[in-house]
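Reviewing the structure listed below.
The values are calculated or read from the model by the stated rules, or taken from the named source; none is laboratory data. Predicted model, so just to flag it, every value in this text is computed and none were measured. Here Cβ is always computed from backbone atoms with ideal geometry, including for glycine, and neighbour counts include all displayed protein chains.
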Amino acid sequence: MKKYNYETKGGNTAQDRLYEIFNDNTKIAKDEINSLQTYFRLIHIRIQLVIIIIAFCFEFSYYFIFQNQMPLSFNKYFLKYIMLPFVINFLLYIITKILNQKFYDSKKKNYLVMMSSLLQSFLYIVVHQLFVTIYAGLLLMIFLSTIYHDKKLTRLTSLISFMGAILAVFVIKYDGDHTITSKYISDFIVMIFIFIVAHVTAEFVINSNKAEHSKILKAIEEKEKYWYGMMIDDLSGLYSRTALRTYINKLQDYKGELFVVMIDLDNFKKINDTYGHQYGDNVIRILGQTFKPYLGDSFSAFRYGGDEFLTIIKSDKNHANMLIAETRESFRKTCLTQFKNSELSFSAGISRFSNDIPIAEIIKQADSALYKAKKAGKNTTVIYEE
């Protein structure tokens, strides 16, 4: 016999299923933020390539503009200041691009791309350490790190930038003409101060962005709480009639077999008149609890109004009929246990869902079948026939 899934991985309450059936706007917002970071990361990698090309062209032009002042021949200049940084940074770009396409999570990719850019900047600084203004490239890295909204990443970027600057000034001597003068030191000290200001500013930008994102997410969550409150019927714990309208809209492209079942508690007015409305409320609550274990992708249950319920079952006609019979028996046993009442039951009418027929007409057909079930003596199910 064909099997159908009537259980969920996340839980079997209507509240759990809302997150699977309907849009979870908070999750969508977070996914959008992650998508933006993915987009920014791709742009970041492209910027690396653009910088490599611009630096190559600039170095080439620089030699011929200041050719008369150059102590090196073109061949030595080309190898030392053009070709070597170009090859290393281009290989770094290729490696970064490949690793970004691998299975690492988004956060690791952000760190990867940022560290790659830092290495690129550090190489240009070492090659051109003669010019103190070249250290401004590290300032750009600090500000660039803010696009990922990660304070740890920005702090790491600032720390590595500072250490890289110290190494380039006092440890590594790539340029033979580079001498550390008092003016160079004073300019470097000013640059370090600017580093500190840049880092503080970068953290302020991140905090501001996070506060803004937090407000947006909180507003979405508050809206969702209100929205989900409308989607759940408090008494039965099932979906509400409002949720039904939303759910129906999501079935327009469904191609499999699907049946709509109208359910009505038998003699409910008499139950209220005899035992009281609180007793009647408990009966409705028990029927809701009866349906809960079945809630899943193939079974959804809604409180349609009063003592009427509506279920949507993704299966063939016979299986749908069998499920209703099964829930009826479960409902009867629970009522017998809790109320010592063996007369509590419900009737049901089943109609086939079709995209070619308005949903109002399908529900009317199920209601017509339900009416026949009532006329047939109640506590039974009738399938609508044309």
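Structure above, values below:
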| item | result |
| --- | --- |
| Residue match in the range 163-174 (condition: surrounded by 13 or more Cβ atoms within 10 Å (Cβ to Cβ), of a type outside the set (A, V, I, L, M) and over 45 Å from the mean Cα position of the chain (by Cα)) | yes |
| So SER117, is it hydroxyl-bearing (Ser, Thr, Tyr), surrounded by 21 or more Cβ atoms within 10 Å (Cβ to Cβ), under 26 Å from LYS183 (Cα atoms) and in contact with a helix residue (DSSP H, G or I) (Cβ under 8 Å, 6 or more places away or on another chain) | no |
| Hey, ALA369 in contact (Cβ under 8 Å) with a residue 40 or more places away in the chain, aliphatic (A, V, I, L, M) and part of a helix (DSSP H, G or I) or not | yes |
| Check on LEU138, under 27 Å from THR38 (Cα atoms) and in contact (Cβ under 8 Å) with a residue 12 or more places away in the chain | yes |
| Residue check, LEU336 in contact with a helix residue (DSSP H, G or I) (Cβ under 8 Å, 6 or more places away or on another chain) and either in a strand (DSSP E or B) or within 28 Å of LYS270 (Cβ to Cβ) (or both) | no |
| The listed residue being within 25 Å of ILE98 (Cβ to Cβ), in contact with a Pro (Cβ under 6 Å, 6 or more places away or on another chain) and assigned by TED's automatic domain parsing to the domain that holds TYR77, out of LEU123, LEU112, LEU156 | LEU123 |
